[in-house]
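The values are calculated or read from the model by the stated rules, or taken from the named source; none is laboratory data. The model shown is predicted, which means the values in this text are computed figures rather than measured ones. FYI the Cβ positions are ideal-geometry reconstructions off the backbone, even for glycines, and counts take in every protein chain you see. In case anyone asks, the SASA skips ligands and DNA or RNA and just uses the protein heavy atoms, side chains included. Shrake-Rupley method; radii C 1.70, N 1.55, O 1.52, S 1.80 Å.
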There are 2 protein chains.
Amino acid sequence: MYMGEKLDVLRLGYRRGRDPRITTHLALVARAMGADGFFLAGDTDNEMFENLNSVSDRFGGSLETNHVSGMSYVKNHVKNGGVAVHLTMYGEPFRKAIPKIRRDRPVLIVVGGAKVPGDIYKICQHNVAVGNQPHSEVAALALFMEAWFGDSASERKFDDARLIIEGTNNGKLVRDMSDN
Amino acid sequence: MYMGEKLDVLRLGYRRGRDPRITTHLALVARAMGADGFFLAGDTDNEMFENLNSVSDRFGGSLETNHVSGMSYVKNHVKNGGVAVHLTMYGEPFRKAIPKIRRDRPVLIVVGGAKVPGDIYKICQHNVAVGNQPHSEVAALALFMEAWFGDSASERKFDDARLIIEGTNNGKLVRDMSDN
């Protein structure tokens with residue numbers, strides 16, 4: 001698996017009253033599949049970040065969590081030489097797009113939300129669709145990251161995990177490393 | 001792409017007050033990636049089914065939607081010769097499991113929910129994990145279906161669509177077939 005530069009995921013237009021479960025799923029997918037950071041624009045939600053940190057405490061890895069400014073964050077990222085990839089059902093098919101995305105720069109995956117300005121299509125260098133059907137930003141992020149990192153992204157292990165699940169067809173094995 | 005027999009997705013333990021958005025995402029992923037049916041056990045939610053039908057009206061295909069009984073539905077499916085695949089973070093890694101799952105029988109993908117009895121692990125012939133990290137049933141379903149149907153599952157087209165999105169990097173093209 002080629003890791004490349006830093007990869008972060010940004011959720012735009014977060015609404016604490018409406019989106020916490022979907023957005024938590026987005027963040028957990030980002031973590032599980034190897035993102036370095038998960039950033040929220042829109043409402044703040046420290047409780048969600050605490051939950052995410054507690055997952056990393058138990059299952060390993062370290063997901064950076066931050067509240068950021070949204071559009072101006074994306075603009076600065078691009079201005080500083082970063083690559084911004086906007087996931088949208090109106091973008092270029094992802095398998096066609098991925099080979100065109102440079103991997104030698106920090107990558108920001110931008111996931112839309114409520115009231116995202118149309119400018120986002122121009123600010124991001126890549127507008128990428130995971131299927132041109134309406135489905136789910138959670139699924140889109142997972143399929144994009146699997147294609148970006150290679151098949152093993154969804155079966156990633158974290159070295160500093162305290163709990164390790166070894167699943168089988170007949171029952172789970174949970175290793176609690178802190179027993180050692 | 002090998003289509004095989006009928007493939008349905010069942011969400012167990014649905015709670016209308018808590019789960020509608022995540023479950024709608026699950027259903028939309030099921031539809032977009034080629035499931036024949038999406039079934040709910042737990043609370044009924046005809047409004048969700050109407051929304052799903054309206055997506056199929058516009059974007060094509062026909063997703064069967066049904067309220068079913070839950071555990072006894074799964075039991076009957078297996079008793080009648082069907083294959084039941086339970087998605088769980090405690091299962092066997094999906095890429096190892098998929099070659100063992102027979103494709104000549106109707107497949108039911110079972111997605112857990114609140115208060116799912118532990119018996120589900122015994123009733124289903126396959127307990128399959130998409131990563132042994134906590135993340136999202138929406139992502140797990142998408143990655144499983146992509147691996148099951150082959151890479152084109154996420155870029156599926158539906159012949160009888162009224163709206164067809166042709167995404168590009170620079171702007172969307174929406175074809176309204178009913179204009180013809």
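The set of residues in region B:27-51 that are buried (at least 22 other Cβ atoms within 10 Å of the Cβ) and out of contact with any strand residue (DSSP E or B) (no Cβ under 6 Å at 6 or more places or on another chain) comprises B:28, B:29, B:31, B:32, B:33.
Provide a single number: the residues in region A:147-170 that are hydroxyl-bearing (Ser, Thr, Tyr) and touching a residue at least 12 places away in the same chain (Cβ under 8 Å).
Within region A:147-170, residues that are hydroxyl-bearing (Ser, Thr, Tyr) and touching a residue at least 12 places away in the same chain (Cβ under 8 Å) number 2.
Applying a threshold of 7 Å to beta carbon distances and a minimum spacing of six or more residues, or different chains, the list of pairs starting in region A:122-137 at a residue that is closer than 14 Å to residue A:85 by Cβ and facing another protein chain (nearest Cβ under 7 Å) and ending at one that is part of a loop (DSSP other than H, G, I, E, B) and of a type in the set (A, V, I, L, M, F, W, C) reads A:126/A:101.
Among the residues of region B:77-97, is any basic (Lys, Arg), open to solvent by 10 Å² or more (accessible area, probe 1.4 Å), within 12 Å of chain A (Cβ to nearest Cβ) and touching a helix residue (DSSP H, G or I) at 6+ places or on another chain (Cβ under 7 Å)? The answer is yes; a qualifying residue exists.
Conditions (1) surrounded by fewer than 19 Cβ atoms within 10 Å (Cβ to Cβ); (2) touching a Phe, Trp or Tyr at 6+ places or on another chain (Cβ under 6 Å); (3) under 20 Å from residue A:94 (Cβ atoms), marked per residue:
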{"position": "B:126", "(1), (2), (3)": "no, no, no"}
{"position": "B:132", "(1), (2), (3)": "no, no, no"}
{"position": "B:136", "(1), (2), (3)": "no, no, yes"}
{"position": "B:139", "(1), (2), (3)": "no, no, yes"}
{"position": "B:145", "(1), (2), (3)": "no, no, yes"}
{"position": "B:149", "(1), (2), (3)": "no, no, yes"}
{"position": "B:160", "(1), (2), (3)": "yes, no, no"}
{"position": "B:167", "(1), (2), (3)": "no, yes, yes"}
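Restricted to region B:111-121, and to residues there that are open to solvent by 40 Å² or more (accessible area, probe 1.4 Å) and closer than 24 Å to residue B:16 by Cα, the residue that is nearest to the other protein chains (Cβ to nearest Cβ) is B:118.
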